Amino acid sequence: MKKLILGGSIIAASLLTGCASVAPVGGILTDVSLPITATSNAMGSKTGEATCMSILALVAQGDCSIETAKRNGGIHKVTHVDWKANNILGIIGNYKLIVYGD
């Protein structure tokens, strides 16, 4: 009986604890914009973007690198970088890296 109670307690505790995340994640919908880094208070005159996507958290494709975003915006000096995530039920996820600079 003690083993059954202990086992049930361990299972219940594991189901009730949350997973830590570096970004806010919604179980049904995630639609967030977050900063990644900033090297200056100035916004910069140019913007570059890079995108990638995920399907069913099984297949992911794209290039969300800072270098690709810099190239797409014609940016040589980065002032700051933001990240945008949109995910619905873990089925379709769209991600965008936004680079600001000159």
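The values are calculated or read from the model by the stated rules, or taken from the named source; none is laboratory data. Because the structure is predicted, anything quoted here is derived from the model rather than measured. Ligands, DNA and RNA are stripped out before the accessible areas are found, and what is left, the full protein with its side chains, is counted by its heavy atoms. Shrake-Rupley method; radii C 1.70, N 1.55, O 1.52, S 1.80 Å.
What the table shows:
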| quantity | calculated |
| --- | --- |
| Per-residue SASA entry for I28, accessible area with 1.4 Å probe, Å² rounded to 10 | 120 Å² |
| Accessible area of the range 18-90 belonging to carbon and sulfur atoms, whole % at 1.4 Å probe | 60 percent |
| Net lengthening on full extension, A57/D31 (0.36 nm per residue, minus Cα-Cα) | 7.7 nm |
